[in-house]
1. GNM on chain A, C-alpha springs below 10 Å: top fluctuator among A:Ala76, A:Ala99, A:Ala55?
2. From the convex hull of the Cα coordinates of the range B:34-140, what is the mean projected area in square nanometres?
3. To the nearest 20 Debye, how big is the dipole of the protein assembly as shown about its Cα centre, given +1 on the beta carbon of each Lys and Arg and -1 on that of each Asp and Glu?
4. With unit charges on the beta carbons (Lys and Arg positive, Asp and Glu negative) and the dipole taken about the Cα centre of the protein assembly as shown, which residue among B:Leu62, B:Ser8, A:Thr86 sits farthest to the positive side?
5. If you put +1 on each Lys and Arg Cβ and -1 on each Asp and Glu Cβ, how big is the dipole of the range A:2-97 around its Cα centre, in Debye rounded to 20?
6. Which aspartates and glutamates does A:Lys31 reach when only Cα atoms under 19 Å apart count, and residues fewer than 8 places away in its own chain are ignored?
7. Kirkwood-based Rg over Rh for the protein assembly as shown (C-alpha set), two decimals?
8. For all pairs of alpha-carbon atoms in chain A, what percent lies in each bin of width 5 Å, listed from the first bin to the last filled one?
Amino acid sequence: MIKVDAGLCLGCLSCSNVCPSQNIVRTETGKMRYIHWKKCKEECDLCVEFCPGHALTLVPFDENAPESEVSFELVACKICKSCYATEPMLRRIESTLPANMQKDSEGLEWIRVCPLCRRNIEAERATRQMVLARSRKSP
Amino acid sequence: MPVYIDISRCIGCRSCEVACQRVHGGSGHINVHFVGDQASVPIFCHHCEQASCTMACFSGALHKEGERTAFDVEKCIGCGLCHLACPFGVVWTNKIAHKCDLCEGRAQPACVVTCPANALSTDFQQASRRARSRAARAATLGGRR
């Protein structure tokens with residue numbers, strides 16, 4: 001059986017991806033993500049091994065133990081307000097990247113911006129540069 | 001051998017998107033973004049020297065292989081950290097991660113070969129030569145091209 005430390009769980013769904021018997025169920029509504037661990041009798045520990053947060057442990061099967069569930073409120077993008085990640089995942093990225101990489105050339109904290117908006121920003125900047133180069137006056 | 005883009009040549013036909021999807025089984029890694037009516041910009045992996053996706057990768061699936069930011073599908077567990085760690089939003093996760101692999105095994109990436117406007121190239125010399133000649137033209141014509 002799998003024991004979950006809710007404080008360490010990132011909500012990344014790796015466990016649910018690697019589970020061979022679909023015992024870890026994910027549900028996602030617009031603003032929330034729920035992860036539900038069914039009580040499993042398997043002696044397999046794939047999810048334990050592949051948990052980036054080291055939140056899972058394999059414990060002996062216990063008939064009376066309740067099934068565990070973790071829920072996350074999804075973080076909204078600073079620009080488009082769409083929900084795109086869980087807070088612990090973003091914190092994890094903020095802790096792995098060096099501080100100078102967390103702000104771009106214009107001081108934007110891009111980690112708090114969703115990937116689609118990041119692509120749009122990149123396209124807008126490239127366009128601005130091109131337009132500027134086209135209209136550059138001779139010295 | 002990363003791919004260089006000359007956006008002043010891009011005609012927004014999205015052929016690169018189609019070519020990428022064709023060689024990668026339906027999931028492409030290049031997106032053409034339209035900025036108003038000013039320009040179309042293909043957005044794809046930069047193969048960053050200091051790649052934040054490789055730093056965030058928990059299982060070691062994403063790693064640097066020379067200039068290329070390579071991806072080992074066998075190691076990926078689909079945690080999605082790379083997807084959130086890419087500053088340009090060009091790593092995707094759908095159970096497992098997928099990103100530009102510069103068409104490993106092909107002589108040239110499919111997007112570069114397909115681009116009818118020659119906006120994409122793998123030749124750094126060509127990219128810098130074009131930029132220099134544009135600057136020279138701008139200087140002699142007083143801004144007009």
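Coordinate-derived values only; no laboratory data. Keep in mind the model is a prediction, meaning the values are calculated, not measured. Reconstructed Cβ throughout: ideal geometry from the backbone, glycine too, with neighbour counts over all protein chains shown.
1. Between A:Ala76, A:Ala99, A:Ala55, it is A:Ala99 that shows the largest mean-square fluctuation.
2. On the way: hull surface 36.0 nm².
Over all viewing directions, the range B:34-140 projects a mean Cα-hull area of 9.0 nm².
3. Details: 36 positive and 29 negative charges, 418 e Å.
Charge dipole, the protein assembly as shown, about its Cα centre: 2000 debye, nearest 20.
4. Farthest towards the positive pole: B:Ser8.
5. Values: 11 positive and 13 negative charges, 105 e Å.
In total the dipole reaches around 500 debye.
6. Of all the aspartates and glutamates, those that pass the test against A:Lys31 - Cα under 19 Å, at least 8 places apart if same chain - are A:Glu69, A:Glu73, A:Glu87.
7. Working: Rg = 22.1 Å, Rh = 21.0 Å.
Using only Cα positions, Rg/Rh for the protein assembly as shown is 1.05.
8. 2, 9, 15, 16, 14, 11, 10, 7, 6, 4, 3, 2, 1, 1, 0, 0, 0
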